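Have a look at the structure below, then the notes.
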Amino acid sequence: MVFIDDLALMLFTLPLISILIAYTTIQSYLGFRKEGYQAIKKSLDDSIIPAGILGLVTLIISLWGEFTWTLPGSYNILFYDVYLLMGIIILSYSMAVYMGKRLQTTGIFALFVGLITIYYGVIGFNLGLTQEPLALLGLYVTYGLAGILGYPVTVFLDRLKEQPSERRNLGSWMIVFVVFWIIVIVAGILGAVIGVETIPAHLAHAP
């Protein structure tokens, strides 16, 4: 099988996903303080198309990688397994918002995928895969934690949907949201940095 180098593209989709998640949720929070749940609904609706496109692209790339085994050694398993699961989550979120379904079903899936992602990252780090094992571990752990925290975030959003007149104050939930935002942003930065560092070497040694 010929090695097809799409790792840089995969890495650059990660910060795009992080930007979408952070922007949508922060915009929802700011709007919620002024207008209540209606502002959250507007922000979620606005994210349907970009989330759907990103989820579909991620799903196509990962399925192609899983079926054709494009990377050498065990890298196909390390990269494409969790990338496929992420694509399913993003696409599931987009469909749930579009169909007006509860988000927490996607959230509970994201929680378990987050745990799986961290596990893959730890195993990859222990095996010394990639030339930057610490960067690999950081990327997998941050996105894994984002997935785990995605569950309480979606639970709270569903709660607001069911009780739209709820007081416009997150209370103790604010801690969860702030930690979630920080982790999502850090994960996106890591993905972007690794992607930028990957481009020169991959362009210089194309298949």
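Counting only residues that are more than 17 Å from G171 (Cβ to Cβ) and without any contact (Cβ under 8 Å) to a residue 40 or more places away in the chain, how many does region 17-33 have?
Final tally of qualifying residues: 5.
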Look at region 64-81 and say how many of its residues are in a helix (DSSP H, G or I), open to solvent by 30 Å² or more (accessible area, probe 1.4 Å) and not charged (D, E, K, R). 6
So how many residues does region 3-52 have that are closer than 30 Å to F67 by Cβ and out of contact with any Pro (no Cβ under 6 Å at 6 or more places or on another chain)? 22
Do you know which residues across region 164-192 are open to solvent by 70 Å² or more (accessible area, probe 1.4 Å) and either in a helix (DSSP H, G or I) or at pLDDT 95 or above (or both)? I175, I182, I185, I189
Do we have any residue at all in region 55-63 that's part of a helix (DSSP H, G or I), under 19 Å from A187 (Cα atoms) and touching a helix residue (DSSP H, G or I) at 6+ places or on another chain (Cβ under 6 Å)? yes
For the condition outside any loop (DSSP other than H, G, I, E, B), polar (S, T, N, Q) and open to solvent by 30 Å² or more (accessible area, probe 1.4 Å), what is the one hit in T117, T105? T105
Checking E35 against (1) open to solvent by 60 Å² or more (accessible area, probe 1.4 Å); (2) under 21 Å from L136 (Cβ atoms), only one condition comes out false. Which one? (2)
If I go through region 121-163 residue by residue, how many of them are among the acidic types (D, E) and either crowded, with 18+ Cβ neighbours inside 10 Å or in a helix (DSSP H, G or I) (or both)? 2
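The values are calculated or read from the model by the stated rules, or taken from the named source; none is laboratory data. A quick note: this is a predicted structure, and the numbers were derived from the prediction, not measured. No Cβ is skipped: glycine too gets one built from the backbone with ideal geometry, and neighbour counts run over all protein chains shown. For the accessible areas, the whole protein counts, side chains as well, though only heavy atoms, and no ligand, DNA or RNA atoms are used. Shrake-Rupley method; radii C 1.70, N 1.55, O 1.52, S 1.80 Å.
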